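The values are calculated or read from the model by the stated rules, or taken from the named source; none is laboratory data. Every value quoted in this text rests on a predicted model; they were computed, and no experiment measured them. Neighbour counts are summed over all protein chains in view; Cβ atoms, including those assigned to glycine, are modelled from backbone coordinates with ideal geometry.
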Amino acid sequence: MSPQETSRTSGGGGPRFTEARTPGRIGMAVLAIVTLVLFLQDTRQANIRLLVPEVSTPLWPALLAAALIGAACGSYVVAGRRK
């Protein structure tokens with residue numbers, strides 16, 4: 001075995017696990033946990049106006065929809081930058 005192969009395999013696959021813990025991924029995990037806690041705490045009814053109709057629904061589905069729309073817009077912007 002070459003020294004490069006032994007350094008990659010020594011430690012039980014450690015480098016593969018440490019690469020998964022980047023500051024960006026840790027930040028996104030914390031943001032996801034905070035968002036989940038916010039969704040679970042906001043269970044009261046809210047009146048939401050969608051252009052003309054007014055809908056009465058628990059607040060968490062509205063927050064979830066806004067988060068999903070924001071994530072879709074963000075991924076669209078990031079995908080456009082990679083091209």
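Of the residues making up the stretch 1-42, those that are at pLDDT below 80 and not in a helix (DSSP H, G or I) number 7. The one condition from (1) in contact with a Lys or Arg (Cβ under 7 Å, 6 or more places away or on another chain); (2) modelled with pLDDT of 90 or more that LEU59 does not meet is (2). Restricting attention to the stretch 43-83, the residues that are outside any helix (DSSP H, G or I), surrounded by fewer than 11 Cβ atoms within 10 Å (Cβ to Cβ) and not basic (Lys, Arg) total 9.
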